[in-house]
Amino acid sequence: MKEAKHIAIVGATGAVGEEMLACLDQRNFPISELTLLASARSAGKKITFQGKEIIIKELTHEAFEGVEIALFAAGGGISETFAPSAAKAGAIVIDNSSAFRMDDEVPLIVPEINPEAAKDAVKGIIANPNCTTIISLMALYPLHKKYGLKSIIASSYQAVSGSGAAGIAELKQQCEALANGGEVVSDVYPTQIAFNVIPQVDAFQPDNYTKEELKMLNEARKILKLPELKVTCTCVRVPVYRSHSVSITAGFETTPNVEDARAVYADYPGVDAKDDPSQNIFPTPLDTTLKDNCLVGRIREDKVLDDALALWVVGDQVRKGAALNAVQIAEIL
């Protein structure tokens, strides 16, 4: 029997916070006490968890007394402000934001890949990787173990829920407006997302890559301990409510075989192959929505690069790309 822990969730009323609660419940995580923290405007509201009503408390620096594991599901600014206070109070922080990911003293963990890194949390903080990085590496790590990963060329197809509830609301509003002759309103995205795709996720940087695209480069290198890994990425927002998809061309140290590559997923946790082109079988976002596992398909030899495979991976970015990954790290602890 695992020892029950006092768990706190920061950002408990948001999409990722709600998904964390669902994961804790569904995985029977041993909880002695649950503290739910949010902004002052949400304080006093109640959330039902496992048949009990829990009152949401205001997030303050003093709110972490007695907390053993603090799951942060808020933005980077919140994490930068309050995560050190949680760690100082004795909690291990598992942070879903980008605030600490590239800190050399903060482990960046995908439990199926580098769970041993949890012991290196000298600051009392562990970082959850970016959702697109997690989903991509779930497909690539089993291949890396077999063939040795050298390079990644990726294009992501990212659902609007990656922008939070506002992204979902904007897509719904635009679809309804276009169907009924109403006015299309674009507040979340720089242009219409309904029936469109937008080749920008996060802010552009001086080299004309976006922050999201550079996360794939920097985070993959850190997680895989491959500082020379070559990565180029284009991140695209698509009019899908949930689950990200990524098209990847991966280059390897040794020559891969398609059938052997497909077989590596048979016994690997958290990812399954769904790949039978003769029967039009391949993963789609709907296949992974609200599901734990990522799915890989369209595995084939690349026709440009030597010793390379092209593949397609799909995963629920709210679940495995955020909440579930954090809860799995808590399970390691």
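The values are calculated or read from the model by the stated rules, or taken from the named source; none is laboratory data. From a predicted model like this one, the values you see are computed outputs, not experimental measurements. Here the Cβ is made from the backbone with ideal geometry for all residues, glycine too, and neighbour counts use every protein chain on show.
Looking only at the range 17-28, count every residue that is surrounded by fewer than 20 Cβ atoms within 10 Å (Cβ to Cβ) and either under 22 Å from Ala87 (Cα atoms) or basic (Lys, Arg) (or both) and tell me the total. Count: 1. The residues in the range 7-55 that are under 17 Å from Ile329 (Cβ atoms) and either small (Gly, Ala, Ser) or in a loop (DSSP other than H, G, I, E, B) (or both) can be counted, and the count is 8.
Scanning the range 170-183 for residues that are within 17 Å of the chain's Cα centre (by Cα) and closer than 28 Å to Phe72 by Cα turns up nothing. Summed over the range 284-298, residues that are surrounded by fewer than 23 Cβ atoms within 10 Å (Cβ to Cβ) and part of a strand (DSSP E or B) total 2.
Considering the conditions (1) touching a Lys or Arg at 6+ places or on another chain (Cβ under 7 Å); (2) closer than 25 Å to Val16 by Cβ, Val264 is excluded by exactly one of them, (2). Among the residues of the range 234-255, is any more than 23 Å from the chain's Cα centre (by Cα), assigned to a strand (DSSP E or B) and not hydrophobic (A, V, I, L, M, F, W, C)? Among the residues of the range 234-255, at least one is more than 23 Å from the chain's Cα centre (by Cα), assigned to a strand (DSSP E or B) and not hydrophobic (A, V, I, L, M, F, W, C), which makes the answer yes. Among the residues of the range 87-94, is there at least one that is among the small types (Gly, Ala, Ser), assigned by TED's automatic domain parsing to the domain that holds Ser243 and crowded, with 21+ Cβ neighbours inside 10 Å? Checked against the condition, which is being among the small types (Gly, Ala, Ser), assigned by TED's automatic domain parsing to the domain that holds Ser243 and crowded, with 21+ Cβ neighbours inside 10 Å, the range 87-94 yields no hits at all. For residues in the range 178-198 being outside any loop (DSSP other than H, G, I, E, B) and either touching a residue at least 12 places away in the same chain (Cβ under 8 Å) or touching a helix residue (DSSP H, G or I) at 6+ places or on another chain (Cβ under 9 Å) (or both), which is nearest to Val236 (Cα to Cα)? Across the range 178-198, the extreme among qualifying residues is Ile198. Scanning the range 102-125 for residues that are in contact with a Ser or Thr (Cβ under 9 Å, 6 or more places away or on another chain) and free of Cβ contacts under 8 Å to residues at least 40 places away in the same chain turns up nothing.
The strands (runs of 3 or more DSSP E) falling completely within the range 78-164 that include 2 or more residues that are farther than 30 Å from Pro199 by Cα and over 15 Å from the mean Cα position of the chain (by Cα) map to 92-95.
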